[in-house]
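Right, one structure below, let's go through it.
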Amino acid sequence: MKRFFYVMTVTTMLIFVWSASALAADKIGFINLQEIMQGSTAGKKAADDFKKYYDKETQKIQSMEQELKKMKDDLDKQSSIMTATARNEKETAYQKKLRDYQLLVNDTNEELKKRDQEMTQKIMPGIIKVVRSIAEKEKYTLVIDVATMPIPYFDKASDFSKRVIEEFNKTK
């Protein structure tokens, strides 16, 4: 009985030692895809193009907002001296312009989302290729994106985002 207990204890210890050494052999790396996209040359160019489009569309929206505000102010100021028919016509015109404004805002938001997704889909395959290349060279078992996963702590030495940016810029 003592011998059985002794053999089980030794076996259990060996299992812990082997599993601990197997875990120690795993190498985990970390990247920040958001940082890589914003720091890469291609990402910066895409962001500049996106910003230009955003600014142009924002200007259209602001212009339409000013028109709406002016229409509303005129309607409020003149409503007491207007006939009922004229007031209804102005209110109808204002409501139509308001609907057009709302449609413009919604369409612009959808277009911005679409452009952002297209930009990401263009750049992402190249970034993933570079990440895989580095991970294979340096024998990483797992690479985790810290931008998408809430990770309370990780060793900054295992973060190779800056190297990915450098390599990605060389390929572009």
Picking from A47, M82, T108, whose Cα lies most toward the positive end of the charge dipole for the stretch 30-172 (charges on Cβ: Lys, Arg +1; Asp, Glu -1)?
A47
Can you give the FRET efficiency to the nearest 0.05 for N169 and E118, using r as the Cβ-Cβ distance and R₀ = 25 Å?
0.75
Hits among lysines - C-alpha to C-alpha of K70 under 26 Å, sequence gap 8 or more where chains match
K56, K60, K90, K96, K97
Express in Å², to the nearest 10, the accessible area of R99 obtained by rolling a 1.4 Å probe over the protein heavy atoms while all chains stay in place.
130 Å²
Straight-line reach from K27: which lysines have Cα under 21 Å away, leaving out those fewer than 8 places along the same chain?
K129, K137, K139, K156, K162
Taking the Cα centroid of the stretch 107-172 and of the stretch 59-76, what is the distance between the two, rounded to the nearest whole Å?
43 Å
Most packed first (mean Cβ within 10 Å per residue), the peptides 28-35, 104-111 order as 28-35, 104-111
Can you send over the carbon and sulfur percentage of the accessible area for the stretch 102-160, probe radius 1.4 Å, protein chains only?
54 percent
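The values are calculated or read from the model by the stated rules, or taken from the named source; none is laboratory data. Since the model is a prediction, treat every value here as computed from it, not as a measurement. Every residue, glycine as well, gets a Cβ built from its backbone with ideal geometry; the counts of neighbours run over all protein chains shown. Heavy atoms of the whole protein, side chains included, go into the accessibility calculation; ligands, DNA and RNA do not. Shrake-Rupley method; radii C 1.70, N 1.55, O 1.52, S 1.80 Å.
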